[in-house]
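The values are calculated or read from the model by the stated rules, or taken from the named source; none is laboratory data. Just so we're clear, the structure is a prediction, and the values are computed from it rather than from any experiment. In this analysis, Cβ positions are derived from the backbone assuming ideal geometry, glycine residues included, and neighbour counts consider all displayed protein chains.
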Amino acid sequence: MYRQITGARNAVDGCRHPVNGELGFDLAPAPGLREALCKVIEPEIFYPEPGEDAMADMARELCGRCPVRSACLEAALTAEGSAVADKRFGIRGGEGPKERYLTYRRRRRAALGDEATRTCGKAAGYYRHRRDGEDPCPACLDAYRQRRSSGRTGKAVAA
């Protein structure tokens with residue numbers, strides 16, 4: 001059987017408020033995660049408030065030592081699906097919400113193959129690179145600069 005810890009928690013900006021004012025934390029919810037270190041550690045460590053960088057670093061360090069880290073990350077990515085970074089919470093599999101979102105996007109783009117690279121060489125490709133946390137390729141950067149200098153946005157960019 002799996003244990004669940006519940007308790008009151010201050011809402012983080014941008015998150016939905018629970019109906020009863022409590023959040024539940026499942027400890028090792030999947031059978032493949034029985035050896036997870038987080039099931040014997042206070043779950044609040046893995047859900048730091050914004051600005052609690054020391055606690056987030058401690059959670060990442062604990063995840064780095066966990067024998068089921070990769071399985072935990074896969075479970076988190078599966079559970080969160082295509083949710084944006086603002087709808088993902090906590091440190092799971094050693095990654096924070098934004099990191100997991102970028103991992104999801106990179107994997108999705110790799111699975112799509114040529115379909116995803118059709119925007120390269122266009123301004124939209126520049127924005128896709130930036131969204132994925134990458135440096136824009138030269139073709140996308142040129143297209144972005146050309147669009148900006150054409151006056152479509154009203155601002156010129158020096159090359």
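Points to keep in mind about this one:
- In segment 47-65, the residues that are within 24 Å of Arg105 (Cβ to Cβ) and part of a loop (DSSP other than H, G, I, E, B): Tyr47, Pro48, Pro50
- Comparison of Ile45, Ile41 shows that the only residue that is within 26 Å of Gly133 (Cβ to Cβ), β-branched (Val, Ile, Thr), modelled with pLDDT of 55 or more and surrounded by 12 or more Cβ atoms within 10 Å (Cβ to Cβ) is Ile45.
- Residue within segment 69-86 that is in a helix (DSSP H, G or I) and touching a residue at least 60 places away in the same chain (Cβ under 8 Å) present: yes
- Residue match in segment 90-102 (condition: assigned by TED's automatic domain parsing to the domain that holds Glu35, hydrophobic (A, V, I, L, M, F, W, C) and in contact with a Gly (Cβ under 9 Å, 6 or more places away or on another chain)): yes
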